[in-house]
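Here the structure comes first, spelled out in C-alpha cells, and everything after it is commentary.
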Amino acid sequence: MSTPTTVLALGPDWLDPEWLISTFGLLGILAIVFAESGLLIGFFLPGDSLLFTAGLLTADGQYITYPLWLVCLLITIAAVAGDQVGYLFGKKVGPALFRRPNSRMFKQENVIKAHEFFEKYGARSIVLARFVPIVRTFTPIVAGISGMRYRTFVIYNIIGGVLWGTGVTVLGYFLGQIPFVKTNIEMILIGIVLVSVVPIAIELLRARMAAKRGTTAAERAAAEEAIRETREHYGRY
C-alpha cells in the first residue's frame with residue numbers, strides 16, 4: 001500500500017504541482033505542459049516542478065495510476081505539440097510581436113530576452129530553453145518569427161521535448177522510490193520549486209530594470225533588424 005505524499009505548497013493552490021495533479025490528473029499535466037511550451041499565457045505555469053512531481057506520484061501510485069512509459073510519452077507529445085504551435089504562431093505574427101504593447105499577461109522584455117537567447121545559442125536554443133522557465137515559452141515563438149527552417153525546428157523540438165518531458169519525469173519517478181526521498185519529499189520538492197523560481201526571479205529583476213529605463217523605439221527597431229538578419233540566416237538551412 002502506497003504511502004500518501006504530502007507536499008508543502010509554496011504558493012496558491014493553482015500553482016501547487018500536487019494540487020494541480022490531484023485535481024486535474026494526467027490531462028491537467030498535459031494541458032499545462034502544452035500551454036507552457038508555446039502559448040504566450042503559459043509562461044508563469046510550473047513546468048519543472050510539475051513534471052518532477054508527476055514522476056514522484058507515478059512511482060507512489062498516488063493520483064497517477066498509468067505506467068511510467070505512457071506518462072512520459074504523453075508529456076513529451078504535449079511538450080512537442082506546444083512548441084509546434086508556438087513556432088507557427090511566431091511565423092504568422094512575425095516581427096509585429098515586438099511592437100505589441102505591454103499588458104498584464106504580456107511583456108516585451110520576455111520576447112526580447114527569448115530572442116537574445118535564440119541568437120546566442122542558435123538552433124540549440126530550442127533544446128536548452130526547455131530547462132529555462134519563461135524562456136522556454138517564448139523561444140519557439142521567436143524561432144517562428146526568425147524564419148528558422150521548419151525541418152530543423154522539428155528535429156530540435158523533438159530532442160528537447162524528450163530530454164525535458166521524459167527526463168525530468170523519469171528523474172522524479174526513480175528518486176521517488178528511494179526511501180530517503182520518500183521521507184523528505186516536502187524538502188526535495190521545495191528545492192525543485194526554488195531551483196525553478198531562481199531563473200524566473202532573475203528574469204523579473206532584469207525586466208524591472210529594463211522597464212525603468214524603458215524600451216525605446218530604437219531598441220525595438222534593432223530587435224526587428226536582428227529578426228530580419230536571423231530570417232536570412234536560417235532561411236539557408
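Read-outs: derived from the displayed coordinates by stated rules, not from any lab. Nothing here was measured: the structure is a model prediction, and the numbers come from that model. In this analysis, Cβ positions are derived from the backbone assuming ideal geometry, glycine residues included, and neighbour counts consider all displayed protein chains.
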Pair F180, T23: separation of 7 Å Cα→Cβ label points (nm): 3.4
Less than 10 Å Cβ to Cβ from L128, Lys/Arg counted +1 and Asp/Glu -1: what total charge do the surrounding residues give? +4
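Can you tell me the order of 48-60, 121-133, 18-30 when each peptide is scored by its average per-residue count of other Cβ atoms within 10 angstrom, highest first?
Packing order, densest peptide first, comes out as 48-60, 121-133, 18-30.
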